1. Checking the condition closer than 28 Å to D136 by Cβ, polar (S, T, N, Q) and under 23 Å from the mean Cα position of the chain (by Cα), which residue from T233, T246, T184 passes?
2. Identify, please: which residue in region 196-243 is among the basic types (K, R) and not in a loop (DSSP other than H, G, I, E, B) and is, among those, nearest to L255 (Cα to Cα)?
3. Starting from residues that are touching a strand residue (DSSP E or B) at 6+ places or on another chain (Cβ under 8 Å), in a helix (DSSP H, G or I) and polar (S, T, N, Q), keep the ones in region 113-167 and report whichever is farthest from T87 (Cα to Cα).
4. Residues in region 336-381 that are in contact with an Asp or Glu (Cβ under 7 Å, 6 or more places away or on another chain) and under 30 Å from S176 (Cα atoms): how many?
5. So which of E290, E307 ends up being more than 19 Å from P31 (Cα to Cα) and within 13 Å of the ligand (Cβ to nearest atom)?
6. Are there any helices (runs of 4 or more DSSP H) wholly within region 1-92 with 2 or more residues that are surrounded by 24 or more Cβ atoms within 10 Å (Cβ to Cβ), and if so which?
7. Looking at the structure I just gave you, is V83 in the same structural domain as T357 (by TED's automatic domain parsing) and β-branched (V, I, T)?
8. Of the residues G81, G55, only one is touching a residue at least 24 places away in the same chain (Cβ under 8 Å) and away from the ligand (no atom under 16 Å from the Cβ); which?
Amino acid sequence: MKYVIFIPDGSSDYPIDELDGKTPLQVAKTPNIDKLAQKGFGGFTNNVPEGYTPGSDVANMSIFGYNPANFYTGRGPLEAGSVGIDTTPTDVIFRCNTITQKDDTMEDFNAGHITSEEAAVLMDALNEHFTSKYDDFKGKFYAGISYRHLFVYTCDNEEDANLLANLDTVPPHDISGENLSEYTGWQDELAVKIRDIMYEAQEVLNDHEVNKKRVAEGKNPANMVWLWGQGLTPKLPDFKETYGLTGAVITGVDLLKGIGIFANLDIVDVPGATGFFDTDYRAKGEYGIEALKTHDVLIIHIEAPDEAGHAQLIDEKVKAIERIDEFIVGPVIDSLEGEDFKAAILPDHPTPISVGTHTRDDVPLVVYVSGKDGDGCTSFDEEGVKTGSIEKQEGYKLLSRMINEF
Ligand SMILES: [Zn+2]
């Protein structure tokens, strides 16, 4: 038996006036996904436990089969795992966005989707600045992809590390246009150090050559870093020991790779997988087909609908869903023709166009089982699965339910 889970990130939505009261999932032409829905089972699920913010990290940890309430320690640590940064129990790992601030407000949480090359130069400049200015600087910046970077702060002891890990930090994409100092009014001594690092970084970045060039080209400068999503290194049980199945992950996003790495899943790197609108859908599909030849489970994640949701671009969101259908779901399902397999498709969380960020609403879910008749749900979208029979349960149970119940 093979298992495939397709995750069109943030694809579910609310009805949109411009789409005649329909959602992007309803409007997008998705013949392959429709087939799965019409022959499969439909319903709703929720990947974000009560009390958690609906981040892709928490939500996808659920889809990977791990209860975030037991295993989630933060977004930063998951991404650190994905890039092979070795951390100790006293390390607190932050996500570090290169952002554009203007008059101390969050002008752009991704600094105009700065290139990885430019950002790497800026991260180097920050390390250089802090280590040369302070003899005992305990932090280090690690350059990642585009605007998504990491900052590791080594505490003196585990008590401090726990304290810093629990500091109330805010995702930068949730405070667009808002005043930054409102979200950094911490009193604790350690926390104040973190704030000082963000603001001191401004001084280094403001006049950096990379930013001067970006401004001259009409692009947003990466003139500050925003530290958030921090935590200690998580301990996920081994996927194969937990489920008795081998698994592979395809994603362009570091934090999902991190979940995969901590779960001891194989990460399949796909050239051209950018985690943005222009991700190479066809290549993802092709690598997915190959991965299924050597693994029992394939988790294939596509970030583009989420990015379109954040950017509030209706057409991009619809297009992303259509491309996922044509280049990923269609070819992967075709390649399994004649085999016993189960396939699920679901977003991790909604990223409604009207909201521009994640919400914690339930998400539509379709599960298809080869050779088995489904429950007559009509399509994979917020309306179509309403007639389905899947009982809503915690998202982290999906994988074991796929194995045991369908
Ligand atoms: Zn997401």
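1. On the way: T246 fails: closer than 28 Å to D136 by Cβ; T184 fails: under 23 Å from the mean Cα position of the chain (by Cα).
Going through T233, T246, T184 in turn, just one is closer than 28 Å to D136 by Cβ, polar (S, T, N, Q) and under 23 Å from the mean Cα position of the chain (by Cα): T233.
2. To start, the set of residues in region 196-243 that are among the basic types (K, R) comprises 212-214, 219, 235, 240.
Keeping just the survivors that are not in a loop (DSSP other than H, G, I, E, B) gives 212-214, 240.
Working: K212: 30, K213: 30, R214: 27, K240: 20 Å.
The selected residue is K240.
3. Initially, region 113-167 is screened for residues touching a strand residue (DSSP E or B) at 6+ places or on another chain (Cβ under 8 Å), giving 114, 116, 119-120, 122-124, 126-127, 130, 138-144, 147-155, 161, 164-165, 167.
Still in the list and also in a helix (DSSP H, G or I): 116, 119-120, 122-124, 126-127, 130, 161, 164-165.
Filter once more, keeping what is polar (S, T, N, Q): 116, 127.
Working: S116: 23, N127: 18 Å.
Residue satisfying both the conditions and the ranking: S116.
4. Number of matching residues: 8.
5. Of E290, E307, the one residue that is more than 19 Å from P31 (Cα to Cα) and within 13 Å of the ligand (Cβ to nearest atom) is E307.
6. Numbers: elements: 24-27, 31-39, 56-63, 68-71, 75-82.
Those helices (runs of 4 or more DSSP H) span 24-27, 31-39, 56-63, 75-82.
7. On the way: in the same structural domain as T357 (by TED's automatic domain parsing): no; β-branched (V, I, T): yes.
Here the answer is no, as V83 does not meet what is asked.
8. Numbers: G55 fails: away from the ligand (no atom under 16 Å from the Cβ).
That would be G81, the only listed residue that is touching a residue at least 24 places away in the same chain (Cβ under 8 Å) and away from the ligand (no atom under 16 Å from the Cβ).
The values are calculated or read from the model by the stated rules, or taken from the named source; none is laboratory data. These numbers come from a predicted model, not from an experiment. Every residue, glycine as well, gets a Cβ built from its backbone with ideal geometry; the counts of neighbours run over all protein chains shown.
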